[in-house]
Amino acid sequence: ETYKRPWYRKAFVVTPENADLGKIDIDCKMKKYTVLWKNWDGSLIYSKNYEVHSIPEFNSNQYPYPTKPDNGQYSYEFIGWDKLIEEVTESTTYTAIFNEVPRKLSVNIDCSENGTTDIAGINKVDYGSSLTINITPNEGFEIEYIKINGETIEITNTLMFENITENIDIIIQFK
């Protein structure tokens, strides 16, 4: 009679010749399959052999956590693997997947006394967005200077920004 399980590497065959040997040592090892854990770009994070019918686990304490670099417009948040993690029945690959998170930029407006802007303080805007800021001096005052990211620009009552791709610091001084 043959006792064979699909997850054993060796089968032990009981025959009339060995049936009455008393003690029989059986060297059975669980069959193992390779599971590959890959990042979004196909680069290998790690691989590990798992016994058949076991459930593989990604151990982020032992191996690098999946990451995807920001591209300026988006940052990326790891949300899981490309398929459901199931018991091992063959070699398989799990690939990290990510959510796009729109990058927010700050527009900081520092406006001195004796005038106002229609947008004040620190404002968050989406990467690639546009913004118009109207500057209004109080009666009897005028704009002395406007600095954007430390550079003095030509005096104007309207600042227009298109396709914003970096943080912007604006200083407006009235006289």
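The values are calculated or read from the model by the stated rules, or taken from the named source; none is laboratory data. These numbers were taken from a predicted model, which means no experiment stands behind them. Cβ placement follows ideal geometry from the backbone for every residue including glycine, while neighbour counts extend to all protein chains displayed. Side chains included, ligands, DNA and RNA excluded: accessible areas come from the protein's heavy atoms. Shrake-Rupley method; radii C 1.70, N 1.55, O 1.52, S 1.80 Å.
Using amide H atoms built 1.01 Å from N in the peptide plane, name the residues 5+ places from Asp169, or on other chains, whose amide H lies under 5 Å from its own.
Long-range HN contacts for Asp169: Asn108, Asn149.
To the nearest 10 Å², what's Leu36's accessible area with a 1.4 Å probe?
Here the residue's solvent-accessible area equals roughly 50 Å².
Give me the Å³ per residue figure for the convex hull around the C-alpha atoms of the stretch 73-139.
82
Work out how far the C-alpha atoms of the stretch 132-175 reach from end to end along every principal axis, then list the three figures in whole Å, largest first.
Reported extents, whole Å, longest axis first: 36, 19, 14.
Per residue of the stretch 153-162, in order, report the coupling 6.51 cos²θ - 1.76 cosθ + 1.60 (Karplus, θ = phi - 60°) as ³J(HN,Hα) in whole Hz, putting x for Gly and Pro.
The phi angles translate into 10, 4, 5, 8, 8, 9, 9, 10, 10, 10 Hz.
Asn167 versus Lys32, label points 7 Å from Cα toward the beta carbon: distance in nm?
4.9
Pick out, in residue order, every one of the chymotrypsin sites (Phe, Trp or Tyr not before Pro) in the stretch 59-168 that is DSSP loop and has at most 15 other C-beta atoms within 10 Å; say none if there are none.
Phe141
For the stretch 111-126, just list the computed ³J(HN,Hα) in residue order, Karplus coefficients 6.51, -1.76 and 1.60, θ = phi - 60°, integers in Hz, with x standing in for Gly and Pro.
10, 6, 5, 6, x, 9, 10, 6, 10, 10, x, 9, 10, 9, 10, 6
Could you tell me how many cubic angstrom of Cα convex hull volume the stretch 47-175 has per residue?
Looking at the stretch 47-175, the number lands at 131 Å³ per residue.
Give the residue list of GluC sites (Glu not before Pro) in the stretch 119-175 that are DSSP loop and have at most 14 other beta-carbon atoms within 10 angstrom.
In loop regions of the stretch 119-175 (DSSP not H, G, I, E or B), the sparsely surrounded GluC sites (Glu not before Pro) are Glu139, Glu142, Glu154, Glu162, Glu166.
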